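Where a number appears in this text, it was derived from the coordinates with a stated rule and is not lab data. Just so we're clear, the structure is a prediction, and the values are computed from it rather than from any experiment. Cβ placement follows ideal geometry from the backbone for every residue including glycine, while neighbour counts extend to all protein chains displayed.
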Amino acid sequence: MTIKGQVWKFGDAVSTDAIISGKYKFKTIDLEELSQHAMETLVPDFAKRVKRGDVIVAGENFGCGSSREQAPLVLKHLGVGAIVAKSFARIFYRNCVNVGLPVVECREAPDRTRQGDTLEIDLRKGLVVNLTTGETFRAKPMPEFLLQMLEDGGLVEQFKKYGEFRWSTLSR
Amino acid sequence: MGKTITEKILSRASGHDVSPGDIIVAPIDACVAHDGTAPLAIRAFREMGARKVWDPSRVALVIDHIAPSSSEGTSNLHIMMRQFAAEQGIRLFDVGEGICHQLMPEKGYVLPGRVIVGADSHTCTYGAFGAFSTGIGSTELAAVLVSGKLWFKVPETIRCLISGRLPQGVLPKDVILHLLGLIGADGATYKAIEFSGSTVAEMSVSGRMTLCNMVVEMGAKSGIVEPDEKVREFLRRRTEAEGEYLKSDPDAEYSDTIRVSAEGLEPLVACPSSVDNVRPVREVEGAKVDQVFLGSCTNGRLEDLLEAARILKGRRVKEGVRMLVIPASREVYLEALRMGLLQMFAEAGCSIYGPGCGPCPGGHLGVLGQGEICVSTSNRNFVGRMGSKEAQIYLASPLTAAASAVTGELTDPRRFLGERS
């Protein structure tokens, strides 16, 4: 699975409240409506400006706070192709995989990537290439069953495809 | 090599002798979702083509985040939950029953040694009862509703050894804020935090819930306290099931041990706008306060109301300050009512609302405007959390909240308690 897109750069500790505020998320689960407010405290017109395939690049603890799955869902709905961060909050990371939004943990890439650069990500190889600067970075490897879930499009799609949850195969 | 409580619970649940880093599949003993997360879980459940929940008796649905509803949209999501609960035979705790993390233990869903998940990040609260509990997303909750199982990575454990007596004016909230300052907002990511030592042994179940509640603010997966007689006593009236009262082995391996001397602690606040921006209250005294919130799954229990009452009794909330008091559950509300606490709060100038999450998630009941400052006993102070992105939230103990309500500015509660060290 390869993702290529332009970079939106964010800092450390982007909370799920910042991704989608409690002001909106209790009123609807319509993603078209909710996604209009994605990231609005950080970039007021993010929803209008983000393009399909764009990549979010951020610092530490991306997605901290609430377990709200609306956060990865609105980003995916807007077409965000992947999130590359130095580290992720645990629940957010799992939620991304479950909704089929690729997440890449990479220590080096964020500091060496600027807003608007073009990144190419090879999930299986665990490589992040900054096509603008020509630099290549190694991502933290992801367990095989999570990679498969991303490739299948998330947990619901995977369940529909196989008629079972694939982690049952993990049981020793 | 010995095992921690968390490793023992996950070994028992998975049927394997587990170590940190192992990925396991475990049956789920109980799960919960609320009005912020259940609607997406219900949608995912339907999308999976599922018809029946694996075991309705192990599921609780709670309407607590926006309770009662403040908009037509929210009301429609509440209807969706009620219909699903009725269709599946799931118990739904409706408007006014309380916050899910207070209800789960009160209503007997939580037992020591059990594996519990919830579509809410503060599901880690039940570690106070010696259970392994952690927050998950809505889609995984749907997977649990379908299959009754979930995968987990066995976490390493950080041990927090807290010993000695808490000084006057210092509460469990100050203990966890102190640890947050030390460990940082992502210092415990993927880990379990085990609280032990004489301070924790002496602490009430309510105080232990405050500790475990906020471990997620350090990125942790779960918090846990060795279950004891206090837990047994709490559960006695609530469930006939026993649970497993596990202890960590003396030779259990911890990724880190943090020692805290309780005697050296003082009232603390997490300053805007990060949970680990922790400072002594005395250093930030004087900031003008617009709103004070006493409540939430962190500090909305009877003990918290009693602490606040120590300061508010016979005093008045400062003119120009709005103080909101929201008991965490109907049980807490009724007990506070019987004890005359609610009347006392009302006489002091507080506004009292029905059990629920209140202003904490920023959806209703006390949404902050531009430039407003709130002292809150809740657990998050991110930019925009309770409303305007220009508002500021200080997280504090019930004592600090009450003291600040009386003076109208951030105030060290020891000023009211006859001792100022």
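Counting only Cα atoms, I'd like the Rg/Rh figure for segment B:57-111, Kirkwood definition for Rh.
With Rh from the inverse mean 1/r over Cα pairs, Rg/Rh is 0.98.
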request  = Within 10 Å of each residue's Cβ, count the other Cβ atoms and sort A:ASP152, B:ASP17 from fewest upward.
outcome  = B:ASP17, A:ASP152
ask   = Which lysines does B:LYS247 reach when only Cα atoms under 21 Å apart count, and residues fewer than 8 places away in its own chain are ignored?
value = B:LYS3, B:LYS8, B:LYS153, B:LYS191, B:LYS221, B:LYS230
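Counting other Cβ atoms within 10 Å, keep those with at most 12, restrict to DSSP loop, and tell me which trypsin sites (Lys or Arg not before Pro) in segment B:201-251 are left.
Sites meeting the loop and neighbour criteria: B:ARG237.
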request  = Mind checking which aspartates and glutamates have their Cα closer than 13 Å to the Cα of A:LYS27? Skip sequence neighbours fewer than 8 apart in that chain.
outcome  = B:ASP35, B:GLU72
request  = Among DSSP beta bridges lying fully in chain B, give the percent that are antiparallel, nearest 5.
outcome  = 20 percent
message = Running a GNM on chain B with Cα contacts under 10 Å, which residue among B:ALA405, B:ALA346, B:ALA192 ends up with the highest mean-square fluctuation?
response = B:ALA346
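Loop-only GluC sites (Glu not before Pro) in segment B:362-410, please: DSSP not H, G, I, E or B, and at most 15 other Cβ atoms within 10 Å.
B:GLU390
For the protein assembly as shown, what Kirkwood radius comes out of the mean inverse Cα-Cα distance, in Å? Walk me through the intermediate numbers first.
Values: mean 1/r = 0.0418 Å⁻¹.
Its Kirkwood hydrodynamic radius stands at 23.9 Å.
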ask   = Using the Cα gyration tensor of segment B:41-135, with a ≥ b ≥ c the square roots of its eigenvalues, what is the shape: rounded (a/c below 1.5), prolate (a/b larger than b/c) or oblate (neither)?
value = oblate
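Give me the percent of DSSP beta bridges within the protein assembly as shown that run antiparallel, rounded to the nearest 5. It would help to have the intermediate numbers written out before the result.
Values: 24 of 82 bridges.
Bridges in the protein assembly as shown are about 30 percent antiparallel.
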message = Could you tell me how many cubic angstrom of Cα convex hull volume segment A:2-141 has per residue?
response = 89 Å³
request  = In whole angstrom, note down how far apart the Cα centers of segment A:24-83 and segment B:25-42 are.
outcome  = 22 Å
query = Sorting B:LEU177, B:LEU395, B:LEU235 on the 10 Å Cβ count, fewest up front, what's the list?
reply = B:LEU235, B:LEU177, B:LEU395
request  = Take the alpha-carbon centre of segment B:110-171, take the same for segment B:376-412, and report the distance between them in whole Å.
outcome  = 25 Å
ask   = List the GluC sites (Glu not before Pro) in segment B:277-335 that DSSP assigns to loop (not H, G, I, E or B) and whose Cβ has at most 10 other Cβ atoms within 10 Å. Which are they?
value = B:GLU319
ask   = Within a Cβ distance under 13 Å of B:ALA41, other residues only, what is the Lys/Arg minus Asp/Glu net charge?
value = -2
query = Expressed as a whole percent, how much of the Cα-Cα distance distribution for segment A:88-148 exceeds 17 Å?
reply = 41 percent
remark   = Evaluated at 37 °C and 0.692 mPa s, the Stokes-Einstein D of segment A:119-172 based on the Kirkwood radius over Cα pairs, in µm²/s, stands at 258 µm²/s
ask   = If you place +1 on the Cβ of every Lys and Arg, -1 on the Cβ of every Asp and Glu, and leave all else neutral, what size is the dipole of chain B about its Cα centre, to the nearest 20 Debye?
value = 580 debye
Mean-position separation - Cα centroids, segment B:288-355 and segment A:139-172, in angstrom = 47 Å
note = In a Gaussian network model of chain B with springs linking alpha carbons closer than 10 Å, the residue among B:GLU240, B:GLU347, B:GLU87 that fluctuates most is B:GLU240
inquiry  = Rounded, prolate or oblate, given the Cα gyration tensor of segment B:140-241, with a/c below 1.5 counting as rounded?
reply    = oblate
message = Let me see the P(r) profile for segment B:270-417: every Cα-Cα distance counted, bins of 10 Å, each bin given as a percent of all pairs.
response = 13, 48, 33, 6
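For chain B, what does the helix formula give at 222 nm: sum of -39500 (n - 2.57) over DSSP H segments with n ≥ 4, over the residue count, nearest 500 deg cm²/dmol?
On the way: 15 runs with 133 residues, N = 421.
So the helix-based figure for chain B works out to -9000 deg cm²/dmol.
What is the magnitude of the charge dipole of segment B:35-166 about its Cα centre, with +1 placed on the Cβ of each Lys and Arg, -1 on the Cβ of each Asp and Glu, and no other charges, expressed in debye to the nearest 20? Don't jump to the answer; show the numbers that get you there.
On the way: 13 positive and 12 negative charges, 97 e Å.
It comes to approximately 460 debye.
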ask   = So how strong a dipole does segment B:270-417 carry about its Cα centre when Lys and Arg Cβ are +1 and Asp and Glu Cβ are -1, to the nearest 20 debye?
value = 140 debye
message = Under 10 Å, Cα contacts only: if you run a Gaussian network model on chain A, which one of A:LYS76, A:LYS86, A:LYS161 comes out with the highest mean-square fluctuation?
response = A:LYS161
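How would you classify segment B:5-260 from its alpha-carbon gyration tensor, with a ≥ b ≥ c the square roots of the eigenvalues: rounded for a/c under 1.5, else prolate if a/b is greater than b/c, otherwise oblate?
Cα axes put segment B:5-260 in the prolate bin.
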message = Under a crude label model (7 Å from the Cα following the beta-carbon direction), how far is B:GLN83 from A:LYS161 in nanometres?
response = 3.1 nm
remark   = Excluding residues fewer than 8 positions from B:LYS52 in its own chain, the aspartates and glutamates with Cα under 13 Å of it are B:GLU87
